[in-house]
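Structure record follows, encoded as structure tokens.
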């Protein structure tokens, strides 16, 4: 191979590795999250074998896949961690607070190693060395007895080497090995039981064993204390060839051991059919080419003919058939797994699909409008079919973006554990509704606000163990995180059983900063809402957690940007509940289209209760107050024509769209109601983002633009105006 060809091959390999690493990216961080979650569960239940297995599996997959992607440092480090938890599995190492702490620090280090590649982060080498030293101090003190032979126990010191660039090989996929073990005749007299060896092999993976008895002599020549049997083993394992040879390490002298790889999980499709029986026997050396050609002249099955002619023993034929069947099953299993496994799709591609579906929804609206305007029955039928198919495609596409919110919930256990320890508090986190699904974009943008709220509960809400005990509470506080669906919204509740919010302290701070004039004028909801003001904090001193007034205002901004709402309820000394109301998706919604003059506005359909008429007579009967009597209940309403300063005279009979925002019913007056509309949400330009009461826009079937109303914001504006009028303000 010349230099040019070598460079081309190296470049090609680099491209393959880069693609493997990019494909592994999302899975890598999922495995780290699973590793962390399992460790936190293990801390609560140290003797839970299933949780230990979860930890071990996560590490094993990180190691194997990392090696496949040539993350050599990561694979080597994960391998040593796996060794530690293998000792835990075997009961040689107990799960103590020190072990969990070190493992969590190791998880942080693994994450920083992945970040170093994917996000140009850096690895703190001093931290890595300290971690390695801590493990080295821990493990030698255990007195590990690794292997027992006929000569007695062999004691090995555990070491936890520094991260190095040494390659660990590709241990991520299963490999099938053919093993032939021909022991020395004095195997039994040395105190070795071959069954123990085969049991060790079974622990490495799926194992099939065939005993070969053709060397057993007649009874006259038979010596009971000698071993005449030899064995063929077909082993499928993720462990390397060295692990297999280690099983026979104490019997290899005088014995014959051959180990050959015959198939790898990732290469199952290289050949359509595995080797034929004759090929396997030739490869093993159990058959010559001449004998094979002679037997093939017959008409029977090759196995039967080989045994009949005495060319090969029945045991060797059986062993070859076992190998053939084992590889066949492995291939079929791999092919089925390929068919049923999920496909990881880039979020960029998924967003592109959602955008295309959005454009299709707009085109479908144009088609429906054109068909109905022409009154052609055939076109109308086609338009209805396209509308039905578009709706199904929209729903299926949106469901692809839905993820269980538990993926976010799980990481908060670590936040609670570390921060409560830092502040000297004892706190448990309970979660409920982790299976509740939410749009991926919403989940990503919700993570930071939830962290702020939970940190606030830990710092301001939950008291120290001594304070709780003196108040008659349990020493350990509880923070609960729950989620549930309701209509087109998801509600997330963060509650704690702490001291609750101090209304007097909040009001005093608000008066000090000039945020309010009189406390008596404020409801509890308005008082609690003050904590979301930028720069507001009731903390008496600045700490690493709080005190600078930064955090909750960011939470409010983030929730508003998601089109959601936030509410606080509190009982002094009992605890606080913070409720977030969020839309299921930010891409396509069912809307309610209305008109005011030449302008068109869309209400989110989930907020619309009903529609009623507003005549000039009903308007005059309210004596200048925007109120209407609906079945005995007075409902306030807002004139959108006045709010948006739209010129022109309203029609004699207007329409009121009655909406439900939390527990309040508020009406909005429009000229005319058009009806339901599939609404593709488009972001407003930067010049229009600050317009009160508008959250986005959409393109209608005729190409015109309709604004999507931010109903909760409009309600709050109306409440403020009403409060100003009541108090005599402007």
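The values are calculated or read from the model by the stated rules, or taken from the named source; none is laboratory data. Since this is a predicted model, take the numbers as computed values, not measurements. Counting neighbours? That spans all protein chains shown, and the Cβs are built from the backbone with ideal geometry, glycine included.
Some observations on this one:
- Residue match in the range 461-475 (condition: part of a helix (DSSP H, G or I), modelled with pLDDT under 90 and closer than 16 Å to residue 579 by Cα): yes
- Total residues in the range 359-386, condition surrounded by fewer than 17 Cβ atoms within 10 Å (Cβ to Cβ) and either assigned by TED's automatic domain parsing to the domain that holds residue 592 or under 15 Å from residue 676 (Cβ atoms) (or both): 3
- Taken over the range 352-403, the criterion of being under 23 Å from residue 442 (Cα atoms) and in a loop (DSSP other than H, G, I, E, B) is satisfied by 401 alone.
- Hey, residue 718 in contact with a helix residue (DSSP H, G or I) (Cβ under 9 Å, 6 or more places away or on another chain), modelled with pLDDT under 85, part of a helix (DSSP H, G or I) and surrounded by 18 or more Cβ atoms within 10 Å (Cβ to Cβ) or not: yes
- Odd one out for residue 432, checked against (1) in contact with a strand residue (DSSP E or B) (Cβ under 7 Å, 6 or more places away or on another chain); (2) crowded, with 20+ Cβ neighbours inside 10 Å: (2)
- Strands (runs of 3 or more DSSP E) fully within the range 569-623 that include at least 3 residues being more than 24 Å from residue 404 (Cα to Cα): 588-596, 599-604, 608-615.
- Of all residues in the range 404-430, those satisfying the criterion of being assigned to a strand (DSSP E or B) and either touching a residue at least 60 places away in the same chain (Cβ under 8 Å) or more than 30 Å from residue 351 (Cα to Cα) (or both) are 427, 428, 429, 430.
- Test: residue 22 is at pLDDT below 85, out of contact with any strand residue (DSSP E or B) (no Cβ under 6 Å at 6 or more places or on another chain), under 20 Å from residue 112 (Cβ atoms) and surrounded by fewer than 21 Cβ atoms within 10 Å (Cβ to Cβ): yes
- Residues being under 17 Å from residue 193 (Cβ atoms), outside any helix (DSSP H, G or I) and in contact with a helix residue (DSSP H, G or I) (Cβ under 9 Å, 6 or more places away or on another chain) - total across the range 237-255: 6
- Matching option when the condition is without any contact (Cβ under 8 Å) to a residue 12 or more places away in the chain, surrounded by fewer than 20 Cβ atoms within 10 Å (Cβ to Cβ) and within 30 Å of residue 699 (Cα to Cα), among 598, 619: 598
- Residues of the range 551-586 that are out of contact with any helix residue (DSSP H, G or I) (no Cβ under 9 Å at 6 or more places or on another chain) and under 17 Å from residue 486 (Cβ atoms): 577, 579.
Listed here are the residues, each with its yes/no results for (1) part of a helix (DSSP H, G or I); (2) assigned by TED's automatic domain parsing to the domain that holds residue 181; (3) crowded, with 17+ Cβ neighbours inside 10 Å; (4) modelled with pLDDT of 75 or more.
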{"residue": "260", "(1), (2), (3), (4)": "no, yes, no, yes"}
{"residue": "266", "(1), (2), (3), (4)": "yes, yes, no, no"}
{"residue": "273", "(1), (2), (3), (4)": "no, yes, no, no"}
{"residue": "280", "(1), (2), (3), (4)": "yes, yes, yes, no"}
{"residue": "312", "(1), (2), (3), (4)": "no, yes, yes, yes"}
{"residue": "320", "(1), (2), (3), (4)": "yes, yes, yes, yes"}
{"residue": "325", "(1), (2), (3), (4)": "yes, yes, no, no"}
{"residue": "330", "(1), (2), (3), (4)": "yes, yes, yes, no"}
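- Out of 459, 448, 418, 439, one residue alone is out of contact with any strand residue (DSSP E or B) (no Cβ under 7 Å at 6 or more places or on another chain) and buried (at least 17 other Cβ atoms within 10 Å of the Cβ). It is 459.
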